Every structure is written in C-alpha cells, then in structure tokens.
Amino acid sequence: MIRYLADLLIYKLFGFEAGTRLGDSLHFFVYDTIKILFLLAIMIFFISLIRSYFPPERTKKILEKQPKFFGNVLASLLGVVTPFCSCSSVPIFIGFIESGVPLGMTFSFLITSPIVNQIALVMLYSLFGWQIATIYLLSGIFVGVIGGIIIETLHLENEVEEYVYQISIDKQEIEELNMQERIDFAKNEVKDIVSRIWKYVLIGIGIGAFIYGYAPEDLLTQYAGPGNPFAVLIAVILGIPLYANVVGVIPIVQSLLSKGVAIGTGLSFMMSITALSLPALIILRKVIKPKLLIIFVTVVALSIIGLGYLFNFLLI
Amino acid sequence: MKISIYGTGCKNCLNLAKNAKMAAEELGLDFEMEKVEDMTEIAKAGVMSTPALAIDGEIKAKGIVLSKEDIKDLLQ
C-alpha cells in the first residue's frame, strides 16, 4: 500500500519517469520515509510497553543471584529490554556492582544494551526483513555474553574506581505501574523518540536515495565489497565517532548494500556506531579505570570485527 | 517542602524540573527545589533511571517525565 502511495505521488502526480535516476531516487525517498516513520511509531509503542516491565531496578534484582554464563546470557537479554538513556549508565553500573551483580554480568548488560538499539532493530526489520534484524539481535547478545565472560575471566574487579565499592545505596523500591501508566509511558516514548530522530531519518534516507540513484556500483564493490579484506576493519573505525546518527546511517547502509557493499561490513558498521561511542566511553570512565576501559573497547571492537568477517564469509 | 530532581541535565530532566516548578507554584506551596546532577549522588539516592523526582527526600517517580498534573497529585 505504501509502495502504491509512493508510485502515485512520484510517477503519477509529479510525472517523474520510473527507471530514471531522479525518478528512482525520489521514489526511494518517499517510499522509505513513509514506511519507516509509520513502522517506527507503531513498533516503538509496543516495544516500550514491554520495556515498561523491566526497569533497571528489577533487572538488577533478577541478576543478583545468577550463576556464571547463564547470568551473562540473561544480562544480555535484559540489556535488550531494559530502557535507559546513556546518562543513566553510571548510576546503573554503581547500582549493579553495589548489590553484588558480578562485573562480567554487569558488562554483558552494558555491552548489549547499546548495541541492540530498538530503533536500529525496527529500521533493519523494515528495510531488510526479519532475517537480518534477527542476525543483528542475536549477534548483539553474543558480543555482550562473550565480552562479559572475558572481563569476568580476567578478574578486573580492582580496575573499577575504588569509590564505587564504598557507595551504599538507599533502599530501593520497584514501582508497579498500572496498565494506563504503561500505555502513557509507551506513548511518551513514541512522541519523544520520533520527534528526536525524524530529522536523522530524513537526512539518512536522502543520502541513501542519492546513493541508490547515482553511485557507481563498480567503485563501491571494489572498495567495500567482499573482496576487500580491510573493509570491515575500516567500517568499525569509521563507525565509532558517528554515535548520534545511527538512525540516519541505516538507510545509507541499505543503499550501499544494494551497490555491492558486503552485508557483514554493513552490520559491523552499524554495531560500532552504537556500541562504542565516545560520549558513552567518557561517562564510563567515571566508574572504571583506563585499563578496564581499554579492555572493554578492545573486546567489543574485536568481537564486532570478527562478526563482520563471519557474516561476509557466510552470506556471500 | 523540598522537591529534588535527579538527572544529569539532559532534556528530560529539564522538562521534569519545569513541570515540578509549575505544579508547586500553581498550588501556592512554600517549596525549595534542588537539582542533583552528580551521577554518584544520583546512584546513592537509589535512582537508576533518570529523570527522577523526590519530595522531602522520598523518591516518587523514576525514569519518567511526569506531567504538571501528575506532580500536583503527588504534592497534594
């Protein structure tokens, strides 16, 4: 139906011709914009409804007494569904450590949570279908579990700033929301997220549409296709400083893929944007010492690079 | 009466502070407003999702920007 609407608007109403570069670019722009904003609004609502059941306080309670490995998997899964903005990561870190959640599980949670970004997930689903969205989800959980286990095994407890262990926290209560409050929460999330990201979506789709219509295929295949062994590495390094624009990057990646960029390279690029951002690292530095911060960045970056190569190898 | 807003200063925290101030003023309360922006202080208070609102030291809401009307209900 959305395709019909875009056809009507671009080809019939404005009279652009199908098959021409300009016509195809404009069609891509209109079709993607309507589809993505519509899907985002609906799916953020339902995802937020689920998330309202898992405030960080409850997540912490669940993780307090879990065995290793199983606890890491659970921590990663909860990282997907627990809502928090990056400015809460320090209070969450302190809260977890203070209540005795092991360092490795805390990191499984903290790694997966930004990697599996709910907005990125919706956009991947709407642009690439459920298979790619599932791959993204599962690999985000995988990176969190592996990262957490490595950090646990290295016994880095003394690389947490000492003051964290001295903090004692006032009594915490888990609020029980009623259904109306959950719906209000979900509605607010939709309003807040859509009003914050629509600009990036439009810019991203705009650039994506331009690439879709105009970029020469041979060039991209040559530099970022499956044939270039350094493509994944470069994608991850480029992705780290791009944090704020992840929602804009996905439509760009979509059209890059259509021009011959390999799928693993695209996924690694997206993950590096959300998993390792400079502002988040600066915030984390408040609670962990430089050595642990470097280990965290290295483990996450290597896992993402590894996944990129794996997917390029498997999905050609 | 003391109203405390916990948050690092992002937009949500500012909105919550604004709503709380309006609510208290409209009710004609004698109040003092405190903004807690230090992340360790936020954690110590038992807040893991910002923004949070406390009235006389008791946390009333976490991780949500309450509307002016909701805050009025809490203040009364």
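None of the figures in this text is laboratory data; all of them are computed from the coordinates on show. Here the structure is a predicted model, which means the values were calculated and not measured. Virtual Cβ from ideal backbone geometry, glycine too; neighbours counted across all protein chains shown.
Remarks
- Among the residues making up the range B:1-46, those that are away from every other protein chain (no Cβ under 14 Å), surrounded by fewer than 21 Cβ atoms within 10 Å (Cβ to Cβ), over 10 Å from the mean Cα position of the chain (by Cα) and not in a loop (DSSP other than H, G, I, E, B) are B:Met22, B:Glu25, B:Glu26, B:Glu32.
- Tally, over the range A:4-26, of residues that are without any contact (Cβ under 8 Å) to a residue 40 or more places away in the chain and either within 27 Å of the chain's Cα centre (by Cα) or not in a helix (DSSP H, G or I) (or both): 7
- Under the condition of being more than 18 Å from A:Gly104 (Cβ to Cβ) and β-branched (Val, Ile, Thr), the residues counted in the range A:293-316 number 3.
- Scope the range A:92-102; condition surrounded by fewer than 24 Cβ atoms within 10 Å (Cβ to Cβ), within 14 Å of chain B (Cβ to nearest Cβ) and of a type in the set (Gly, Ala, Ser); matching residues: A:Ser99
- Hits in the range B:20-61 - residues which are in contact (Cβ under 8 Å) with a residue 40 or more places away in the chain and either of a type in the set (Phe, Trp, Tyr) or touching a Ser or Thr at 6+ places or on another chain (Cβ under 6 Å) (or both): B:Thr50, B:Ala54
- Odd one out for A:Gly260, checked against (1) within 15 Å of A:Ile115 (Cβ to Cβ); (2) in contact with a Ser or Thr (Cβ under 6 Å, 6 or more places away or on another chain): (1)
Matching residues to (1) in a helix (DSSP H, G or I); (2) in contact with an Asp or Glu (Cβ under 7 Å, 6 or more places away or on another chain); (3) of a type in the set (A, V, I, L, M, F, W, C); (4) over 19 Å from A:Ala120 (Cα atoms):
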{"residue": "A:Thr265", "(1), (2), (3), (4)": "yes, no, no, no"}
{"residue": "A:Met270", "(1), (2), (3), (4)": "yes, no, yes, no"}
{"residue": "A:Thr274", "(1), (2), (3), (4)": "yes, no, no, no"}
{"residue": "A:Ile282", "(1), (2), (3), (4)": "yes, no, yes, yes"}
{"residue": "A:Leu292", "(1), (2), (3), (4)": "yes, yes, yes, yes"}
{"residue": "A:Val297", "(1), (2), (3), (4)": "yes, no, yes, yes"}
{"residue": "A:Leu302", "(1), (2), (3), (4)": "yes, no, yes, yes"}
{"residue": "A:Ile305", "(1), (2), (3), (4)": "yes, no, yes, no"}
{"residue": "A:Leu310", "(1), (2), (3), (4)": "yes, no, yes, yes"}
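Conditions tested, residue by residue: (1) surrounded by 24 or more Cβ atoms within 10 Å (Cβ to Cβ); (2) away from every other protein chain (no Cβ under 14 Å); (3) within 26 Å of B:Cys10 (Cβ to Cβ).
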| position | (1), (2), (3) |
| --- | --- |
| A:Phe109 | yes, no, yes |
| A:Ile115 | yes, yes, yes |
| A:Phe128 | no, yes, no |
| A:Ile132 | no, yes, no |
| A:Ile141 | no, yes, no |
| A:Gly144 | yes, yes, yes |
| A:Gly147 | yes, yes, no |
| A:His155 | no, yes, no |
| A:Ile167 | no, no, yes |
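- Annotation note: Cβ proximity below 6 Å between a residue of the range A:68-91 that is more than 9 Å from chain B (Cβ to nearest Cβ) and a residue that is outside any loop (DSSP other than H, G, I, E, B) and among the basic types (Lys, Arg) (sequence gap 6+ or interchain) occurs for A:Val81/A:Arg51.
- Check on A:Lys61, without any contact (Cβ under 8 Å) to a residue 12 or more places away in the chain, out of contact with any Ser or Thr (no Cβ under 7 Å at 6 or more places or on another chain) and more than 10 Å from chain B (Cβ to nearest Cβ): no
- So A:Met105, is it closer than 24 Å to A:Ile205 by Cα and buried (at least 24 other Cβ atoms within 10 Å of the Cβ): no
- If you filter the range B:47-63 down to residues that are surrounded by 23 or more Cβ atoms within 10 Å (Cβ to Cβ) and of a type in the set (A, V, I, L, M, F, W, C), you find that the one that is nearest to the other protein chains (Cβ to nearest Cβ) is B:Met48.
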